[in-house]
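Here is the structure we will look at, set down as structure tokens.
Rule-based calculations on the coordinates, nothing more; no lab input. Computed from a prediction, not measured in an experiment: that's the story for all the values here.
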Amino acid sequence: MQPEATAPQAGTRVVSLEYLEGELARLVEEARRYRDYLEKLEATKAEGKVAETAYGELKKEYTEKLAKLEKEIRELQEAKKKLEEQK
């Protein structure tokens, strides 16, 4: 039985390349969804179908989530690069 994979923590766990690739794929897909949400939100605003308050709140929420995802993606890409260099 294999131990459960966990997100990489600064020097506390050994993480497999397969795990990193899976996490990267998941995060990239989630980031794509949030970019789509932002695009749809802009279109909805342009059509006058969303109140300014709701638009502002949703844009802030989506933008913050996307920034967090992009940061996680960069960190995992760096971890993957380091792991590949060790091979």
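Numbers at a glance
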read-out: Spatially proximal lysines relative to LYS71 (Cα-Cα < 20 Å; intrachain offsets below 8 disregarded); value: LYS59, LYS60, LYS80, LYS81, LYS82
read-out: Spread of Cα-to-Cα distances over 5 Å intervals beginning at zero, given as percent, for the range 18-87; value: 3, 17, 21, 17, 12, 10, 8, 5, 4, 2, 1
read-out: Per-residue ³J(HN,Hα) for the range 77-87, Karplus 6.51 cos²θ - 1.76 cosθ + 1.60, θ = phi - 60°, Hz, x for Gly and Pro; value: 4, 5, 5, 5, 4, 5, 5, 5, 5, 6, 6
